[in-house]
Amino acid sequence: MALTKRLFAVLMLCALLAGAASIAPPDAQAQEGVALKVLVPDFMISAFPEEMFDAFTEQTGVTVLLELGDYPFFPYAATAGLDAHLTAAEEYVGQADVLLVLPVLMSAEMTRAGYFLDLAPLVASDPTFNPDDFFPAAWQSVQWDQGIWAIPTSFDIDTLNYLPERFDEAGLNYPTERWTIDDFDFAVRALTQYKADGTVEAPGMLTISNDTLLFRALLGADWYDDNAFPILPDFSDPALEHILTVWDAMQADQVNTFSEMVTDTDQVPMRIEQSYGLRDMPGDETQAAGAYLPGGIVGIQTMGFAVSSGTLYPQPAYELAKYLSTQTQINNFFAMMPARQSLAGAEPEEDSVFAFMPFPPESEAFVNEAIWHALPSSEVLFGDYLRLAMQKMRSDGLDARTALDEAQALAIANLEEAAARRASTAVMVATPIPTPALATGEIALTFGMLSYTMASARETLQSVADRFVAEDPEVAQIVFNITGNSIEEFVEQADCFYIGYNPLESGTESNLGILNIDPFLDADPTFDRNDVLPGALLQVQRDNKTWGLPFAIQPEVLRYDAAAFEAAGVPLPEDGWTIDAFIDALHRLKPTPDDPAPLAASSDGRPILMLIAAHGGLPIDYRTDPATIDFTSPEVVDAIRQTLDLARNGYIDYQMLNFINNTYSGGISNPAITPTVLNPFMMFSDAPDESYRLVPFPTGSQFAPVAFRVEVGLISADTPHPEACYRLLSFVAAHPELLNEMPARRSLFDDPALLAQQGETAVEFYRSYDQLLQGPNVVIFRNTTIGDYLEQNWLFAAFDAYVLEDANLEEALTDAETLVKTFRACVAAVTPYDPAAYESEDDYYQQLLDCARNIDPELDKYIGQFDEE
C-alpha cells in the first residue's frame, strides 16, 4: 500500500516481553514510602504495563508512578535562543524523577546548566553495573563533559541507504566510505529528476535531520576536543568550510532538499536514515541497500532514561533508570535494538514491527556489522551551530568561513552562559498527588482515551475534568486511562472513553460491550440532534440505535498549492469548486504532456470514487444500508470513464488501487493537489505566506461527494455509573479546545476557545463545510467494513485494469459486479456476529474472508499469505 517505511514503523508500534532486572539486593536499597515518577510520552504508554515495575518495587520498596508527557523533542534549539532552550529543559526535568530522553536531542548547554543529574559517581560506585554489557557507541553517546547523563535502553543506526537500480540507470558507482563531499555533489545532481522547465521534480538525496552526521563523517575528525573539560567547539578546520560551501550550493539548487510534499520518501535514490529503511516492507517495489558513511562509520540514535537534578531520591532514581534499561518492551518499541548486548537477539512477538518488516539477509548482515562501527551521537554535539551557519549562509549571504566563526562564537557564549546559570538552577520535581478519599454518595469515573491529541492536552484536560467534578453532584474524581489499545480493552478498563476513530465500522456494533445512549440523549434537554453535523450521528448508529456521542470529525479534503495555481493562472477555489472548474484547473496546471500530473496519487480509492460521484455516478451508493451496487448502468460507466480518463491522460498520478497485487511506485514530488485528511497534523495556517490551502472535493450537478471520519465518546456496558458517564462525555464534548479538530456540533463554531486555538481560517472552513453537508445533493462516503473493503477491491481491480492495462472498461466492471453479487449471496448465509455464536470476532471475519476467497482465486492467494504467517 502507500505507507512509507517511516510511517509504517510509527503506525506499527509494538512491545516485547519484559526482561528481568539486575538491581542491588533489597536490604541495601529498600526505601519504603518512596515514590518515583517516570516521564514517558503519551503514545508509548503501551510499552509500560503496570506489572513492569512489580519486580523493582518488590526488591526496593519504591513505588513507581507513570507521568505522561510530550515526546522529548525540545522545540527550541540553543541556536534560536538560549533562554527558550533552557526553559524547555527546565520544564521537562521538573515533571518527574526519571525521564525518557534522546541523547541526540540533549545538549551540552542543558547538562552544563545543571538540569540533569550526572550519573557518573553512581555508576562508579555500583558493583552490579557492567558498562561492557552496552554496545560501545550507545554507551558513549550518553557521555560528555566527563559525565554520564543517561542509561541507554535502545538504539538504531543511521546508514547511507541507496537504490541500486537508480544508480545503475544513472551510470554511477555505488557510494563507498571513501566518498568526499564532491563525490556526493556529483552523484546527487546526477540522481535528481528535473521538470521540463529545469526545476527540480524529485531530489537526489534526503538527509532529514542527519546532515550534521554527514558533515562529521566527511570531516573525519571531531569539531571539539573530547579530552578537554569543559568541551568547546572548534570549527576552524578548512575542510569543514569546503563541506559547507558545497552543501550550501546543493541546497540552493534543491537537489538535496527534503520537501514535505514528497509523496514517498522511500523512492528518493539516496538518503541517510535509520535502519528501518533497509527493512523489507510488504508491497515494496524497490529495496534499498545500505552503505557506510565516509570514514567507514554509521550514525546512532540512542534512547535512554536520565535522572532529573531535582529528584529528592537520586540513588533510587538511578536504580530505576538502570532497571528500565533491561525492559525489552521499551528497548524494541520503535523496532530499535537493545542497548545491552545481553538482550540482543530477543525474539520479537508475532505482532511486532519485526514480524512485518524483517531485514533481507544481506541488509541484516550489514546492520549487524555496522553497529560496531557506529559513531557515538555525543561526537556530533554542537551540530545545531553548523546548521545555524548554513542558515546564515543562505539568509545573510555569508561565506562559510564567516558563518562558521560566528556560529562558534555563539556556541562558546551560550556554553559560558549556561555554566553561569548552574549556581542558580533549582529544579523541583513535584511530589505525587494523593488519591482523594470518596465520601458516601461520591463516585470516581475512569475515563479512557485512545487519542494522541486529547491525551497530549493534559493540562487543558485536567482543567476541564476539575470543572466537571466541581459542578457534578455525584462525581468526585476522574481517573484518566490511556493504556488501552482497543475498544475491547477500554470496555474492561474504563467506565467511559473517547476514541479517535469510529469503532462502529466493524459491523458488530451492538456486541462491542458498549451502551446504547439514545435514552440519555432523549432525556438531555441540552442536546439538540439538529446541532450535530449531518451524517455524524448516522455513522454511530446501527440497528436504529445510537452507540456513541460524536466529538469531532476529520473531513477528507484536497490540499492545493496556491502558488502553483497562481503561476498557472488558475483561480483559487476558496469557495469550493465544481467538477468542471476542477478539470479546467487540472488542464491549466498541466499545459504540456511532459508536465507532471497535478493531482497526487492515492492508494486509497476513495478520492477516485468521490470524483466519479462528482461526474454523476455512484457505483457504490452509501445512502442505503447495505450500500447499493451499480457498476454497469450507462450513466455510472460514463462517470467512471470520465474520471479514469483523467488518469490515463496523465492528469492524475494514478497508483494501483487493488490491494492484491499492489506495488506502490512512489508518486510525484510537490504535486499541485493532494488528497488528505483534515486532522490535528494537517491543519490550517493563518500565516499570510502559507502557500498550501485546503478545499473540499469538487461537486457535480447531481452529487456533492463528502467523506469524513468520526471521533466518538462511548460508555462501557459494564459501568455501574452510565448516567454519570454520559454527563462526563457531554461535558467533555462541549470543549473543542481539547481536540484541535473540527467539532461535530455546529454550535461550537461560535466558541471563543475554538477560535483562539485554531484561528479564523479553520473556523471559516468549518462553517462552509457544514453548509456543504446540508446541501440537497450531498452524498457521504462512509468508512468501510471488511465486507465493503472486499467489494471495493473488486471495483478497484476493474479501475486498475482499465487505467494500467488498457482493458475494456465495460467488461471489467461487469466482472467486478458479478463477484460482488456472488460475495453478497455467500455472506447472507453467514451467521451474524454474536459472542454466543463465535469464539472471537476473528472467527466471524474469517467466514467473510472465506466467502471472498472461494469466489476469487487471486484473493485466495493473497489471504493465504497471512494464513501461513
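The values are calculated or read from the model by the stated rules, or taken from the named source; none is laboratory data. If you're wondering where the values come from, they're calculated on a predicted model, not measured in any experiment. Glycine also receives a Cβ, built like all others from the backbone with ideal geometry; neighbour counts cover every protein chain displayed. What goes into the accessible areas is simple: the full protein's heavy atoms, side chains included, and nothing from ligands, DNA or RNA. Shrake-Rupley method; radii C 1.70, N 1.55, O 1.52, S 1.80 Å.
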Extend 7 Å from the Cα of Lys821 along its Cα-to-C-beta direction; within the stretch 789-804, residues with backbone N under 17 Å of that point are 791-792, 794-795
Taking protein heavy atoms only, a 1.4 Å probe, and rounding to whole percent, the accessible area of the stretch 102-240 owed to carbon and sulfur comes out at 50
Length gained, Asp531-Gln391, 0.36 nm per residue minus C-alpha separation, equals 45.4 nm
Distribution output for the stretch 524-656: share of Cα-Cα pairs per 10 Å bin in percent, first bin at 0, values 10, 31, 30, 20, 8, 1, 0
Under the 7 Å Cα-to-Cβ spin-label approximation, Ala170 and Asp226 lie apart by a distance in nanometres of 3.2
Quick calc, Gln847 & Tyr194: beta-carbon distance into FRET formula, R0 45 Å, rounding 0.05, result 0.30
Output ordering of 764-774, 155-165, 36-46 (per-residue mean of other Cβ within 10 Å, highest first) is 155-165, 36-46, 764-774
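Using the Kirkwood radius over C-alpha pairs as Rh, can you work out the diffusion coefficient of the stretch 146-197 via Stokes-Einstein at 20 °C, viscosity 1.002 mPa s, in µm² per second?
For these conditions, the coefficient is 150 µm²/s.
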Here the stretch 271-276 yields Karplus 3J(HN,Hα) values (6.51, -1.76, 1.60; θ = phi - 60°; whole Hz; Gly and Pro given as x) of 7, 9, 7, 5, 5, 4
Of 296-302, 197-203, 226-232, 697-703, ordering from highest average Cβ density within 10 Å down gives 296-302, 697-703, 197-203, 226-232
Amide H contacts under 5 Å for Ala374, restricted to residues at least 5 apart in sequence or on another chain and with H modeled in the peptide plane, are Val298
Expected unfolding gain across Glu488-Asp584 under the 0.36 nm per residue rule, minus the alpha-carbon gap, is 29.7 nm
Along the stretch 763-774, Karplus-curve 3J(HN,Hα) (6.51, -1.76, 1.60; θ = phi - 60°) to the nearest Hz, with x for Gly and Pro, reads 5, 4, 5, 4, 5, 5, 5, 4, 4, 4, 5, 7
In Å³ per residue, the alpha-carbon convex hull of the stretch 173-243 encloses 114
At R0 = 30 Å the Cβ-Cβ FRET efficiency linking Ala717 and Val830, nearest 0.05, sits at 0.75
Simple spin-label estimate for Ala753/Leu65, 7 Å along Cα→Cβ, in nm, reads 2.5
Quarter of the surface of the C-alpha convex hull for the stretch 744-857, i.e. direction-averaged projected area in nm², equals 12.4
Carbon/sulfur accessible area of the stretch 501-567, % of total, 1.4 Å probe, equals 49
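At 0.36 nm per residue, minus the direct Cα-Cα distance, what do Asp625 and Asp253 gain on full extension? Give it in nm, one decimal, please.
Details: separation 372, 0.36 × 372 = 133.92 nm, distance 5.41 nm.
Answer, rounded to one decimal: 128.5 nm.
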Here, the stretch 540-607 modelled as identical Cα point scatterers in vacuum has Debye log10 I(q)/I(0) at q = 0.16, 0.19, 0.24, 0.28 Å⁻¹ of -0.69, -0.85, -1.19, -1.37
Of His587, His615, ordered by accessible area with the largest first and a 1.4 Å probe, the sequence is His587, His615
Taking the stretch 66-141, the equivalent ellipsoid from its C-alpha gyration tensor has semi-axes in Å, biggest first, of 25, 14, 13
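How much FRET efficiency would the formula 1/(1 + (r/R0)^6) give for Asp126 and Gln341, where r is the Cβ-Cβ distance and R0 is 22 Å, rounded to 0.05?
0.75
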For Lys590, counting only aspartates and glutamates whose alpha-carbon sits under 13 Å away and dropping same-chain residues fewer than eight positions off, the answer is Asp197, Asp653
Protection proxy (average C-beta count within 10 Å per residue), highest first, orders 215-225, 463-473, 310-320 as 310-320, 215-225, 463-473
